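A.B. asks: Would you mind keeping the following structure in view while I ask a few things?
The values are calculated or read from the model by the stated rules, or taken from the named source; none is laboratory data. All values reported here derive from a predicted model rather than from experimental measurement. Cβ placement follows ideal geometry from the backbone for every residue including glycine, while neighbour counts extend to all protein chains displayed. With ligands, DNA and RNA removed, areas are computed over all heavy atoms of the protein, side chains included. Shrake-Rupley method; radii C 1.70, N 1.55, O 1.52, S 1.80 Å.
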Amino acid sequence: MAAANGSGGKGFEVPKVEVRFTKLFINGQFVDAVSGKTFETRDPRTGEVIANIAEGDKADVDLAVKAAREAFDNGPWPRMSGYERGRILYKFADLIDQHVEELAMLDTVDAGKLFLVGKVWDIPGAAHLLRYYAGAADKIHGETLKMAQRMHGYTLKEPVGVVGHIVPWNYPTTMFFFKVSPALAAGCTVVVKPAEQTPLSALFYAHLAREAGVPDGVLNVVPGFGPTAGAAVASHMDVDKLSFTGSTEVGRLVMKAAAESNLKPISLELGGKSPVVIFDDADLDMAVKLVNFATYTNKGEICVAGSRVYVQEGIYDAFVKKAAELAKKSVVGDPFNPRVNQGPQVDKDQYEKVLKYIDIGMREGATLVTGGKPCGDKGYYIEPTIFTDVKVNAQREQQI
């Protein structure tokens, strides 16, 4: 495996990353947790602590929801015209553009994401997404209905209220704006619980929202852990709508909490193991490249990763050979290095989980074609790994 020492080679400069925001963002202000507790967020490149983050729990979520409710019931945001909201969101997007490099650095040190990808794709993509919904803010229309009786009938779409967003760790910027952008454009107020592994960019976005003119209480960010802060958002009686992206196991808990509280509507995006099917008449080289991209993008930390590959037997051997050769060329190392293809797993837990499943695969009789080992003496790096002769039931049982 190229650069298996976890460095990705020499000859590049690691920038100095400044962490400016570590407190909860509630009602337009950065504040300590009610409990005074903090938790460590660690750099997956080294395992070292980056910063201590205020640890929100139920008491803090209550304050955030109270602020969001006040901003929705009595504040200007849902009462503005869509055009006015859109202007503020456009300014928010402009501020993201002005801080692309700093934001990409935060997602690199917090999540192990490739800096170049963040700088070129993730952060500009978030600004683009925000502008899309800013443009939609004054185009939320209802319908005029033709009635069977002598009546006038019409529909009017209105903001649902306070929306809770629980954001995953694999795409901290992209998923933040997938959730927050349409809610803000519609006139909702929001409480965001970022993943405890990757809170840094979410707090920076809260700062930029305030700078853009988003009123106090409209956007609140409460870092914390799933069983405390996340559970408090899911079960809160004054949250009107919930969005969660994460594991299937936790998704069930979130759905149950939503149902057992105020029966709030919920949007779930959960994990899986997506299959790729390749037939004999496929362009072999193109198929190998596409599967490599589908499997190892974002170090495999993606809910639609094409990690199950079914190849028709006529090209099976040739495909396996070429796929292994390409995987071996992958450069694993520091995600600030522009030569690197794959950075570290997001944290120690995910690193150990991946290694555990590699061990399970070998013990269950699958053939390890390439990879399967950690890289380097520090950080959470793992070689790109390929198994063949995998039992179908093993794949079904080991979805993560």
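A.B. asks: Could you say whether any residue in region 307-322 is over 30 Å from residue 15 (Cα atoms), open to solvent by less than 40 Å² (accessible area, probe 1.4 Å), of a type in the set (Gly, Ala, Ser) and more than 22 Å from the chain's Cα centre (by Cα)?
C.D. replies: Scanning region 307-322 turns up no residue that is over 30 Å from residue 15 (Cα atoms), open to solvent by less than 40 Å² (accessible area, probe 1.4 Å), of a type in the set (Gly, Ala, Ser) and more than 22 Å from the chain's Cα centre (by Cα).
A.B. asks: Considering only residues that are farther than 30 Å from residue 154 by Cα and open to solvent by less than 30 Å² (accessible area, probe 1.4 Å), which ones fall in region 122-144?
C.D. replies: 122, 123, 126, 127
A.B. asks: Does residue 199 fit the bill of being farther than 16 Å from residue 130 by Cα and more than 14 Å from the chain's Cα centre (by Cα)?
C.D. replies: No: the conditions fail for residue 199.
A.B. asks: Moving on to the next point. Just checking: which of the strands (runs of 3 or more DSSP E) contained wholly in region 212-327 hold 2 or more residues that are more than 30 Å from residue 74 (Cβ to Cβ) and out of contact with any His (no Cβ under 6 Å at 6 or more places or on another chain)?
C.D. replies: 241-246, 266-270, 275-278, 308-311
A.B. asks: Sticking with this structure for a sec: If I filter region 68-121 down to residues being among the β-branched types (Val, Ile, Thr) and under 18 Å from residue 208 (Cα atoms), which single residue comes out as least open to solvent (accessible area, probe 1.4 Å)?
C.D. replies: 96
A.B. asks: Within region 163-182, count every residue that is of a type in the set (A, V, I, L, M, F, W, C), surrounded by fewer than 23 Cβ atoms within 10 Å (Cβ to Cβ) and more than 19 Å from residue 21 (Cα to Cα).
C.D. replies: Number of matching residues: 1.
A.B. asks: In region 69-78, which residues are touching a residue at least 24 places away in the same chain (Cβ under 8 Å) and among the charged types (D, E, K, R)?
C.D. replies: 69, 70
A.B. asks: A follow-up question, please. Exactly one of these conditions fails for residue 160: (1) under 25 Å from residue 343 (Cα atoms); (2) open to solvent by 10 Å² or more (accessible area, probe 1.4 Å); (3) at pLDDT 95 or above. Give me its number.
C.D. replies: (1)
A.B. asks: Next question, about the same structure. Is one or more of the residues making up region 371-386 assigned to a loop (DSSP other than H, G, I, E, B), on the phi > 0 side of the Ramachandran plot and open to solvent by 60 Å² or more (accessible area, probe 1.4 Å)?
C.D. replies: No.
A.B. asks: Can you work out which of the residues in region 188-211 that are hydrophobic (A, V, I, L, M, F, W, C) and in a strand (DSSP E or B) is surrounded by the most Cβ atoms within 10 Å (Cβ to Cβ)?
C.D. replies: Applying the filter and picking the extreme gives 191.
A.B. asks: With (1) open to solvent by 40 Å² or more (accessible area, probe 1.4 Å); (2) part of a helix (DSSP H, G or I); (3) farther than 30 Å from residue 237 by Cα as the list, and residue 149 as the residue in question, which single condition is left unmet?
C.D. replies: Failed condition: (2).
A.B. asks: For region 336-362, give me each residue that is of a type in the set (S, T, N, Q) and open to solvent by 70 Å² or more (accessible area, probe 1.4 Å).
C.D. replies: Result: 341, single match.
A.B. asks: Please determine, by comparing only the residues of region 233-257 that are aliphatic (A, V, I, L, M) and under 22 Å from residue 71 (Cβ atoms), which one is surrounded by the most Cβ atoms within 10 Å (Cβ to Cβ).
C.D. replies: The extreme case among them is 233.
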